[in-house]
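The values are calculated or read from the model by the stated rules, or taken from the named source; none is laboratory data. Since the model is a prediction, treat every value here as computed from it, not as a measurement. All Cβ positions, even for glycine, are placed from backbone atoms using ideal geometry, and neighbour counts span all protein chains on display. Accessible surface areas use protein heavy atoms only, side chains included; no ligands, DNA or RNA. Shrake-Rupley method; radii C 1.70, N 1.55, O 1.52, S 1.80 Å.
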2 protein chains.
Amino acid sequence: MIELRNSVSAVLPSASATGVARPLDAAGVRVTGGFWEERIRINRERTLRHGFDWLTRSGTLPNFRVAAGAGGRYRALGEDQGIVLPFLDSDVYKWLEAVGWELGRSTDPGLASAAAEAIVAIEAAQRPDGYLNTFVQVVAPGQEYRDLSWGHELYCIGHLVQAGIAWHRALGDDRLLDVALRAVESLERELGPAGREGIDGHPEIEMALVELFRTTGDRRHLDLAARMIDGRGHGLLGAGRLGAAYWQDHLPVRDASTVAGHAVRQLYLDCGVVDLATELGDANLLGAVEQRWQDMVDTRMYLTGGVGSRHRDEAFGDPFELPPDRAYAETCASIASVMLAWRLLLATGKAAYADLIERTMFNGVLGGISLDGCNFSYENPLQRRTRRAVADSGNGARTPWKVCACCPPNLMRLLSSWEQYLATAGADGIQLHQYATGELVVPGAAGPTRLAVDTDYPWNGRITVKILEGPARPWTLALRVPAWSASATVELNGGEKSTMSGPGVTAETRQWASGDTLVLTLSVEPRVTVPDDRVDAVRGCVAFERGPLVYAIESADLPAGVEIEDIGIPPDARPTVTSRDDVAPGVLGLDLPAIVKRGRPAADGEPPPVARAVPFYASANRDGDAMRVWIPQVTAPDGR
Amino acid sequence: MIELRNSVSAVLPSASATGVARPLDAAGVRVTGGFWEERIRINRERTLRHGFDWLTRSGTLPNFRVAAGAGGRYRALGEDQGIVLPFLDSDVYKWLEAVGWELGRSTDPGLASAAAEAIVAIEAAQRPDGYLNTFVQVVAPGQEYRDLSWGHELYCIGHLVQAGIAWHRALGDDRLLDVALRAVESLERELGPAGREGIDGHPEIEMALVELFRTTGDRRHLDLAARMIDGRGHGLLGAGRLGAAYWQDHLPVRDASTVAGHAVRQLYLDCGVVDLATELGDANLLGAVEQRWQDMVDTRMYLTGGVGSRHRDEAFGDPFELPPDRAYAETCASIASVMLAWRLLLATGKAAYADLIERTMFNGVLGGISLDGCNFSYENPLQRRTRRAVADSGNGARTPWKVCACCPPNLMRLLSSWEQYLATAGADGIQLHQYATGELVVPGAAGPTRLAVDTDYPWNGRITVKILEGPARPWTLALRVPAWSASATVELNGGEKSTMSGPGVTAETRQWASGDTLVLTLSVEPRVTVPDDRVDAVRGCVAFERGPLVYAIESADLPAGVEIEDIGIPPDARPTVTSRDDVAPGVLGLDLPAIVKRGRPAADGEPPPVARAVPFYASANRDGDAMRVWIPQVTAPDGR
């Protein structure tokens, strides 16, 4: 139904790849209003500019000019603390990828000029032999490809490749892709079939190489990706300081049945594995990733979609080890989880993957960036005990930039490509996975299909899809019904059509006429969520959700003298939906009856206390406060 | 009442120091049977030999010969992982301190010969100018005192001083003390009043210098200790990578009201602060430590006495951040806590300090070493979810030695000096703080006092104290009544004397005659312990204790197919005391009625399941298993 060549999409399986759904050409997708339009606009108008500013002042971009021989010293934001990370180049590449998607959507002279400056610097820094890594070139000359375990050289090339592909697909501009191809040639000579064995301590190159094969058609790129993936689990990296599982070298990717080690590493790796599996038609390889994904979702994932329970090693924990206060839940891990679920959705079509994309985007990902688009968190805990805790330990504190600044530009590229995740096309029609007001155009042999979506999602569960134009033959329009929706109704052209009792997909096949309208209504009744009893860290607590949003109470909403840890909830607590324009326009909150376990006693005649919950993603926007998602249920009279 | 000069004691306040209790000369203290006799004997007969073996094979001791110019390369157990720690010398010093106390108690040709080998190597390694640090001398020559933040040079000198003092006091052998004095002269030139300002990133030198002053009477040593202590909190170390609180440089020691940062660093520092405060008679300085100690006990301490909630930075967490599974609770932090509480007990006489010594020794400290004395844990979590969790992440796994081997020799020196912690003397008599079968001789101007203690503590709460000899004048015998004992009775010469209803100290003043016998009976009824409701991580759980012992259930005691996470306890569960000779001879366990929440269903006629709890210190001695101290209470029929 769709044309693949130069389609705007970060993931674009080749014509011969397996998979039941294909990405749309995002050039035909426009989000024009509502929740996501605001997030995308702020990313474009503020976050990307903010990013360029910090890439410049931190030294990250100027380091390319230093590598090109312009003089000056190598800089890093962490140098005062003795931290000069070897993978800072990737921050520029991720920012450029984001800008590529944005400029493809519409022109912006300011962004274009900033990007041109970056591209020129990158071109100048690349050595004639194709090698490119400013850290090695300036700080550790002669160490090219010597420290594969920690050096992140392949990781950086991977991000360069992805940026090059974004500019190629969105803009037809191949300057970055040419740099990337030369860098990959350098890599191929060193670690390709004619070179030595070696893999990178941080996966990323794998998915980039598969995507490069999809762009160039050059089989060597796919083979090199396979070589990198098959090389894992055979001790090429060894135990290092943190154990072989830290970088997924403990088992071959076909044999590991659970996620393990550093969360971002595991998820980036599995993105590449899915990409390779679909290109090879290797169901066994795909199945291994599906098994790991299920293990993650069943036993090692936070309610927000966040993963990576441990600060130490930034690692997945044991099953059900999910502390809310010390949740690491790195923003990049949430982003990587979205990237992986997208690939699995394309490969299998299963609604569960789109469900997780939604949960993770609305909570784990958006929690990583302030509402103003210019402050970022690295860790995303579900509880901050005290205001002081944030200041002291930086646990979940949002700051304008980071010494390790992987998350901010990763957020940028995801938000700038978010339109790509909304829908797919298959042989029989179109599938809507995420709901946002806007328009979709899907070209096809029998003529284009155009849809208009109108919704106030996630605040309202009503989604209206109108057919603007379509081929003169029957096709199927499929809409995801999220697992959180207790019920769903579908109306076609004003008449009641069906009621679904379970989650999944509701699909309508017919010869659609212009003006046909399908209305899906999901239940956004507030939900009281009880944790699995094996999650020790939140036993006796409940959380509150509404639609795709997880809620949190914040000390900013408590009366003076009452702390977050003083608050309990009666067992029969039912939340009330309230407007929270004071937090941000349009935000709906949940008010909960509360029991104050200690602290200031209630005065005579004072109304019973209320705990006011705001969406998790909107928390910590009012002077970095104490917060919690899981709230203790209070049953005994002594407040226990 | 006691003679201070050359008294066998690691802590020996000068005659002019403030403080209400004085340490005994441990040369007159003998533990001859029961629980502690076994632990002390195993330490002497097995652990110390095991330690010498590993100090040799790891390269730690041979490195002194390398530094002396004997050739060969610098070695470290972690070198395969790229880890060569700069403070390995201190492991030899701590081991030598332990051997010093042991040889003072009785001769042992094997230990004496091993120690002589070590002392000769140390003497040979010291430079003529007094400088001694094998890492700097061999690996980083020219860097003497250049990296005070991370280099641990003063930390190593501190342990050398403590070893030297042990050999001086216990054996009258001054070879190590002479080396230490020359090293301190080198330090004095560099960082003394005539040198530059600087403090060590890891406290330890402070208490060593105060003790050196107590040994030599040289005021310069006390002044240098004060200089190191007063230097903290003024940015000499700065924020580093982990923040200024990590190494207690965030606030001057007089101003910090809470413990903060790296737990061992905080506690070693406060040991030195108490030592200095008592020598200076500075009540304000002492009060600051008492306030921090109370904060720690009230808000940041595990039931085992363990402290340091976080793996990341090995740090105290926020108040009530006490995850049982990810408890760091480093063995060295428990040891440091015992050392600090001992100093505070000497300074104030308060029974609460002796209570914490007891809780920490029986649980947090002894949990750090296997029953056979030859395997050590670094972290001491109160929950291990799965057997695999131990193997995968090393979370609480006991191994024969460590890349960072601070804990094993620290355990050795504490166990070899444990007799020093049992009792004190004051102007009016003798105070027994810890209970062990043995004899005490306290010399005095009016003649020696001799006591015999007989008890099956901690298995039994009956402690018999018999006066063997005493001065012909009234004096007071005081016995601690632990806070955990709901009641206590005291009998004098067979007649009921008194019943205490609360914790503290029971004291009897009289002119004691030879053969007078006091029997203290404590209540060792099993206790069900409910956590503070602010400890989120164990909400809805209870723990079981008996006497000073914390108990844990282990999967080794569960039927096949039932996992630790499947076990709940009914709200009215009352434990039964049972013999657990299968774990170790003499051990008493607690059997608890259990509810199996999932897993294998009970067969017809099968008796109701029992969860068998063993003392925490005895856990993980049967093939590193899943374990938990805090057990969920199950109330609802669905097992939640």
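Go through the residues of the range B:246-264 one by one and say whether even a single one is touching a Gly at 6+ places or on another chain (Cβ under 7 Å) and of a type in the set (Phe, Trp, Tyr).
The answer is yes; a qualifying residue exists.
From the list A:363, A:410, A:380, pick out the single residue that is in contact (Cβ under 8 Å) with a residue 60 or more places away in the chain, touching a Cys at 6+ places or on another chain (Cβ under 9 Å) and closer than 30 Å to residue A:60 by Cα.
Exactly one of A:363, A:410, A:380 is in contact (Cβ under 8 Å) with a residue 60 or more places away in the chain, touching a Cys at 6+ places or on another chain (Cβ under 9 Å) and closer than 30 Å to residue A:60 by Cα, namely A:410.
If you scan the range B:599-630, which residues turn out to be open to solvent by less than 30 Å² (accessible area, probe 1.4 Å) and outside any loop (DSSP other than H, G, I, E, B)?
Once the filter is applied, which keeps residues that are open to solvent by less than 30 Å² (accessible area, probe 1.4 Å) and outside any loop (DSSP other than H, G, I, E, B), the range B:599-630 yields B:611, B:613, B:614, B:615, B:616, B:617, B:618, B:627, B:628.
For the range B:287-405, please list each of the helices (runs of 4 or more DSSP H) lying entirely inside it that holds at least 1 residues being open to solvent by less than 10 Å² (accessible area, probe 1.4 Å) and either within 14 Å of chain A (Cβ to nearest Cβ) or on the phi > 0 side of the Ramachandran plot (or both).
B:387-393
Tell me, yes or no, whether the range B:572-586 has at least one residue that is part of a strand (DSSP E or B), of a type in the set (Asp, Glu) and within 36 Å of the chain's Cα centre (by Cα).
no
In the list A:167, A:150, which residue meets the criterion of being in contact (Cβ under 8 Å) with a residue 60 or more places away in the chain and assigned to a loop (DSSP other than H, G, I, E, B)?
A:150
Across the range A:565-598, what is the number of residues that are over 14 Å from residue A:614 (Cα atoms) and buried (at least 16 other Cβ atoms within 10 Å of the Cβ)?
Of the residues in that region, 10 qualify.
Please enumerate the residues belonging to the range B:45-85 that are open to solvent by less than 40 Å² (accessible area, probe 1.4 Å), farther than 13 Å from residue B:409 by Cβ, within 29 Å of the chain's Cα centre (by Cα) and more than 14 Å from every other protein chain (Cβ to nearest Cβ).
Passing the criteria: B:59, B:62, B:63, B:64.
Quick check: is even one residue across the range B:248-259 touching a residue at least 40 places away in the same chain (Cβ under 8 Å) and either closer than 24 Å to residue B:91 by Cβ or in a helix (DSSP H, G or I) (or both)?
Yes: the range B:248-259 contains one or more residues that are touching a residue at least 40 places away in the same chain (Cβ under 8 Å) and either closer than 24 Å to residue B:91 by Cβ or in a helix (DSSP H, G or I) (or both).
Pick out the one residue from B:528, B:562 that is of a type in the set (A, V, I, L, M), in a loop (DSSP other than H, G, I, E, B), within 14 Å of chain A (Cβ to nearest Cβ) and surrounded by fewer than 23 Cβ atoms within 10 Å (Cβ to Cβ).
B:562
For the subset of the range B:245-262 comprising residues that are out of contact with any helix residue (DSSP H, G or I) (no Cβ under 7 Å at 6 or more places or on another chain) and surrounded by fewer than 19 Cβ atoms within 10 Å (Cβ to Cβ), which member is nearest to the other protein chains (Cβ to nearest Cβ)?
B:251
Here is a check on your reading of the model: is residue B:464 without any contact (Cβ under 8 Å) to a residue 40 or more places away in the chain, among the polar types (S, T, N, Q) and within 18 Å of residue B:547 (Cα to Cα)?
no
Which one of the conditions (1) at pLDDT below 95; (2) within 28 Å of the chain's Cα centre (by Cα) does residue B:495 fail to meet, given that it meets all the rest?
Result: residue B:495 passes all but (2).
So, in the range B:1-41, of the ones that are in contact with a Leu (Cβ under 8 Å, 6 or more places away or on another chain) and assigned to a helix (DSSP H, G or I), which residue ends up nearest to residue B:424 (Cα to Cα)?
Per the criteria, the residue is B:28.
Of A:556, A:552, A:543, A:513, which residue is within 14 Å of chain B (Cβ to nearest Cβ) and either under 26 Å from the mean Cα position of the chain (by Cα) or farther than 30 Å from residue B:385 by Cα (or both)?
On inspection, the qualifying residue turns out to be A:543.
Give the residues of the range A:281-295 that are within 11 Å of residue A:254 (Cα to Cα), of a type in the set (A, V, I, L, M, F, W, C) and under 22 Å from the mean Cα position of the chain (by Cα), sorted by residue number.
A:286, A:288, A:289 - these are the residues of the range A:281-295 that are within 11 Å of residue A:254 (Cα to Cα), of a type in the set (A, V, I, L, M, F, W, C) and under 22 Å from the mean Cα position of the chain (by Cα).
Can you name the number of the only condition in (1) farther than 24 Å from residue B:353 by Cβ; (2) surrounded by 14 or more Cβ atoms within 10 Å (Cβ to Cβ); (3) small (Gly, Ala, Ser); (4) more than 14 Å from chain A (Cβ to nearest Cβ) that residue B:504 fails?
(1)
Which of the following residues is more than 25 Å from residue A:328 (Cβ to Cβ) and within 14 Å of chain B (Cβ to nearest Cβ): A:201, A:235?
Checking each option against the conditions leaves just A:235.
Restricting to the range B:214-232, name every residue that is more than 26 Å from the chain's Cα centre (by Cα), in a loop (DSSP other than H, G, I, E, B) and not acidic (Asp, Glu).
B:217, B:231
Given the options B:141, B:193, name the one that is within 27 Å of residue B:266 (Cβ to Cβ), more than 14 Å from chain A (Cβ to nearest Cβ) and not in a helix (DSSP H, G or I).
B:193
Being surrounded by fewer than 18 Cβ atoms within 10 Å (Cβ to Cβ), within 20 Å of the chain's Cα centre (by Cα) and basic (Lys, Arg) is true for just one of A:41, A:22. Which residue is that?
The match here is A:41.
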